[in-house]
1. Looking at segment 174-232, which of its residues are more than 15 Å from the chain's Cα centre (by Cα), under 20 Å from Glu9 (Cα atoms), surrounded by 15 or more Cβ atoms within 10 Å (Cβ to Cβ) and among the polar types (S, T, N, Q)?
2. Against the conditions (1) within 30 Å of Ile303 (Cα to Cα); (2) buried (at least 24 other Cβ atoms within 10 Å of the Cβ); (3) of a type outside the set (Ser, Thr, Tyr); (4) over 14 Å from the mean Cα position of the chain (by Cα), where does Ala123 fall short? Just the number, please.
3. What number goes with the only condition from (1) touching a helix residue (DSSP H, G or I) at 6+ places or on another chain (Cβ under 9 Å); (2) charged (D, E, K, R); (3) more than 29 Å from Thr178 (Cα to Cα) that Asp53 does not pass?
4. Within segment 217-268, how many residues are of a type in the set (S, T, N, Q), in a helix (DSSP H, G or I) and either closer than 23 Å to Ala158 by Cβ or assigned by TED's automatic domain parsing to the domain that holds His125 (or both)?
5. Would you mind finding the one in Ala210, Ala282, Ala224, Ala202 that is in contact with a helix residue (DSSP H, G or I) (Cβ under 9 Å, 6 or more places away or on another chain), at pLDDT 95 or above and more than 25 Å from Glu129 (Cβ to Cβ)?
6. Condition check: in contact with a Phe, Trp or Tyr (Cβ under 6 Å, 6 or more places away or on another chain) and at pLDDT 95 or above. Does Glu62 satisfy that?
7. Could you tell me which numbered condition Arg156 fails, if it satisfies all but one of (1) farther than 25 Å from Ala282 by Cα; (2) crowded, with 21+ Cβ neighbours inside 10 Å; (3) among the basic types (Lys, Arg)?
Amino acid sequence: MIFNLEDPELKETRQGFADALVDEGKINKDLVVLGGDVTGSVKTNFFRDAYPDRFISVGVAEQDMIGTAAGLALAGKIPIASTYGEFATGRPFDQIRQSLAYSDMNVKICASHCGITVGPDGATHQSFEDVGIMRILPGMNVITPCDYNQTYRAVRLAINTYGPFYVRFYREKSPNFTDMNAPFEFGKADTLIDGNDVTLIANGLLVWEAIVASERLSKEGIGARVINMHTVKPIDKETIIKGAKETGLVITCEDHQWTCGLFGAVAEVLAINHPTKMDFVAINDRFGESGIIASELMKKFEIDSDAIYKKVKKNLKK
């Protein structure tokens, strides 16, 4: 697969979410969207304007939003509950656990402004724990798409697949590099670049960073396999084990706490099935901070392509 590293198309993943809702709303009359007082920010205003009778603003009341969504699901609707990632998971955790996961409700939590790239809003709005919070819940499905195209497809897939879902995306524009027409299979990772020296398992914004790092490493004769693990739960065990067996080194890359997100999920698979040398590029047990430029925060928190490159070199040197 060839990637345009010099001048990639840039699009907002949250716009992929918005476009998916509008397009799905045309054919699915049971689709209902709930907003938590950030309608314009998460772009649910597009659905509201197209289908005003199927949009509900619950205000700054995330716990009530989840309870209302569960009630709508019991009535046969397909509710989308959307707000910022930090407020979509942390504040209403009890309601998500009891009313959605335990009760197996057909509700989709779609969280925008995740990770560190919501820079100016600072630590209180930067969700580094949301994937971990969601993936520990029995029956909860978790997807972290990597670009606009994949967000669009992930949201439509979640809407058309029964059960509780958590879909995570971002505010800032980012490279849009996946093929809208390529196969996108829930629970099945995509191997974007092959390599035999190290396996980079990434999701979200870190997929592009892993691609850039892989290309840089290839110029030094190092083959870095890049896997887009867009589905964190259920996770693709087969692809993880294959990468570990064939390269002997696995490094996970994510804009999330390393202890409970993608690294944790991959480590669990390998600990049971094929113990392998591992490392991570992730948020290292700290909260975020304010910053104007997202790329500067990624560099400071060591979750950019340069950090991935250095981590590979360090581990191969060992």
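1. Ser214, the sole residue that qualifies.
2. Evaluating Ala123 over (1) within 30 Å of Ile303 (Cα to Cα); (2) buried (at least 24 other Cβ atoms within 10 Å of the Cβ); (3) of a type outside the set (Ser, Thr, Tyr); (4) over 14 Å from the mean Cα position of the chain (by Cα) leaves (2) as the failure.
3. Single failed check for Asp53: (1).
4. Number of matching residues: 1.
5. Result: Ala224 is the single residue among Ala210, Ala282, Ala224, Ala202 that is in contact with a helix residue (DSSP H, G or I) (Cβ under 9 Å, 6 or more places away or on another chain), at pLDDT 95 or above and more than 25 Å from Glu129 (Cβ to Cβ).
6. The answer is yes for Glu62.
7. That leaves (2) as the condition not met.
Quick grid of which residues meet (1) aromatic (Phe, Trp, Tyr); (2) farther than 27 Å from Cys146 by Cβ; (3) crowded, with 19+ Cβ neighbours inside 10 Å:
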{"position": "Phe3", "(1), (2), (3)": "yes, no, no"}
{"position": "Asp7", "(1), (2), (3)": "no, no, no"}
{"position": "Ala18", "(1), (2), (3)": "no, no, yes"}
{"position": "Val32", "(1), (2), (3)": "no, yes, yes"}
{"position": "Ser57", "(1), (2), (3)": "no, yes, no"}
{"position": "Gln63", "(1), (2), (3)": "no, yes, no"}
{"position": "Ala70", "(1), (2), (3)": "no, yes, yes"}
{"position": "Gly90", "(1), (2), (3)": "no, no, no"}
{"position": "Asp104", "(1), (2), (3)": "no, yes, no"}
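The values are calculated or read from the model by the stated rules, or taken from the named source; none is laboratory data. Predicted, not measured: the structure shown is a model, and the values here were computed from it. Neighbour counts are summed over all protein chains in view; Cβ atoms, including those assigned to glycine, are modelled from backbone coordinates with ideal geometry.
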